[in-house]
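Take a look at the structure set out below.
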Amino acid sequence: MTDRKKLLRALDGETQKVPPIWMMRQAGRYLPEYRATRAQAGDFLSLCYNSELAAEVTLQPIRRYGFDAAILFADILLIPDALGADLWFVTGEGPRLSTITDMAGFNALKPADAMHDHLAPVYETVRILSRELPSETALIGFAGAPWTVATYMIAGRGTPDQGPAHKLMTEAPEVFDALMDRLTEATIAYLSMQIEAGAETVKIFDSWAGSLKGEAFTKYALEPTKKIIAALKAKHPGVPIIAFPREAGDGYIGFAKATGADCVALDNSVSAAWAAEHVQVDGCVQGNLASSHMVTGGQALIDETREIVQAFANGPHIFNLGHGITPDADPENVQLMIDTVRAQ
Ligand code: CP3
């Protein structure tokens, strides 16, 4: 036995009989205690910027379930907010932002090094968590990948096909590239500050990587991730990094090697058997139970959970969902998933 935390051992490349487990959006609306704290904070953004309450909601799923890792409670859209874009959330719909469609819009953004005052409460949340988490629980920091964050900044909202961002990429490449560069720089600085505050690993969420094909995937998903990882590794050599190029499909193959990521997180559009053969050969993988099982539960949840654990049993694996848990999930199904994983 070693004192090194279970999640960090998986990221080191260790194969474990029972994989570490945590869940995307584990602090979220499916939990009554989250809804109560969010109401106390006022709204979602106020909760993100209230260090005490953000730490509290981060800890809630750890207390309830004893996950092997806690993920900082914040949002990928805090970087645009800190760069000076307007950001608000419409209940039941999602985020809204001011849009960037031309060089004047880009030029109105602040430089990356001017955002830390605005983000100071997030760094404080990390410091509180590194003091208060149980000694066996790892602390994960995170940011959005430049492409995913850019899709929201260009369209001013979530879009089904990221159309406005693809359009800017072809029609005004100088604006698009300038925005990608600013976001890459901002992400490096932001993640670096989270690590200095106590994050033990960081995850880069590229939720819309799947809409980038061929050369565009290489240029706008793989390359920025590689750049961010190289800069972080130079500054914080021992800190492992998880990359999540969601719905990358074949793009998952070789992604860890090409970017320097220590772990690739998988969505549930790829089978665990396929990913074990093509992705886990290069190192740790994370995933990938469909989050719909957290709503439906039952034997199907048990069977699918076992199948994933078994498919990844011969290499380093972190058990997780393929995407965030949804507000209509049943907290008891989360317990059933954890019990099934730990009964291996
Ligand atoms: O995983 C965690 O528990 C950590 C916290 C976290 C949140 N968002 C909290 C949140 C993380 C890691 C994120 C990442 C995030 N945010 C992503 C990438 C991952 C993904 O889901 O694809 C994206 C695209 C966003 C942007 C965002 N934030 C959207 C589109 C929405 C609205 C959709 C929704 O679920 O309502 C949010 C809001 C948000 N971020 C909530 C939470 C808990 C729900 C807000 C609420 O309480 O009302």
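Computed quantities for the displayed model
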| quantity | calculated |
| --- | --- |
| Residues residue 90 and residue 174, FRET efficiency given R0 of 35 Å [Cβ-Cβ distance, rounded to 0.05] | 0.65 |
| The chain: calculated mean residue ellipticity at 222 nm from DSSP helix runs of at least 4, using -39500 (n - 2.57) | -14000 deg cm²/dmol |
| Ordering of 58-67, 102-111 by burial proxy (mean other Cβ atoms within 10 Å per residue, highest first) | 58-67, 102-111 |
| Helix axis angle, 331-342 relative to the chain longest principal axis, alpha carbon, degrees | 60 |
| Cα gyration tensor shape for the range 43-146, rounded if a/c is under 1.5, else prolate or oblate | prolate |
| Length added when fully stretched, residue 230-residue 295, from 0.36 nm per residue minus Cα-Cα | 19.5 nm |
| FRET efficiency, residue 18 to residue 132 (Cβ-Cβ, R0 30 Å, nearest 0.05) | 0.75 |
| Helix 173-197 vs. the chain, principal-axis angle (Cα, 0 to 90°, nearest 10) | 50 |
| Residue order, fewest to most surrounding Cβ atoms within 10 angstrom, among 101, 125 | 101, 125 |
| Contour excess over end-to-end distance, with Cα ends at residue 218 and residue 64 and 0.36 nm allotted per residue | 51.4 nm |
| FRET efficiency estimate (nearest 0.05) - Cβ-Cβ, residue 167 to residue 120, R0 35 angstrom | 0.50 |
| Pairwise label distance in nanometres, residue 328 with residue 39, each label 7 Å out on the Cα-Cβ vector | 2.2 |
| Extreme residue, positive dipole direction of the range 24-271, given options 100, 217, 266 (C-beta unit charges) | 266 |
| Among beta bridges that DSSP assigns inside the chain, antiparallel share in %, nearest 5 | 15 |
| Unsatisfied cross-links (Cα-Cα over 28 Å) in the set 110/227; 6/110; 5/213; 235/257; 110/226; 110/233 | 6/110; 5/213 |
| Distant-in-sequence amide H partners of residue 320 (H built 1.01 Å from N, under 5 Å) | 287, 288, 289 |
| Rounded if a/c under 1.5, otherwise prolate or oblate - the range 290-330, Cα gyration tensor axes | oblate |
| Cα-centred dipole magnitude for the chain, charges only on beta-carbon of K, R (+1) and D, E (-1), debye, nearest 20 | 440 |
| Full-stretch length increase - residue 110, residue 335 - with 0.36 nm per residue and alpha-carbon distance subtracted | 76.6 nm |
| Prolate/oblate/rounded call for the range 1-66, Cα gyration tensor, a/c under 1.5 rounded | prolate |
| On Cα atoms only, tilt of 116-132 relative to the major axis of the chain in degrees | 10 |
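Only the coordinates and a few stated rules stand behind these numbers; no lab work does. Quick caveat: nothing in here was measured; it's all calculated off a predicted structure. Neighbour counts run over all protein chains shown; Cβ positions are idealised from the backbone, glycine included.
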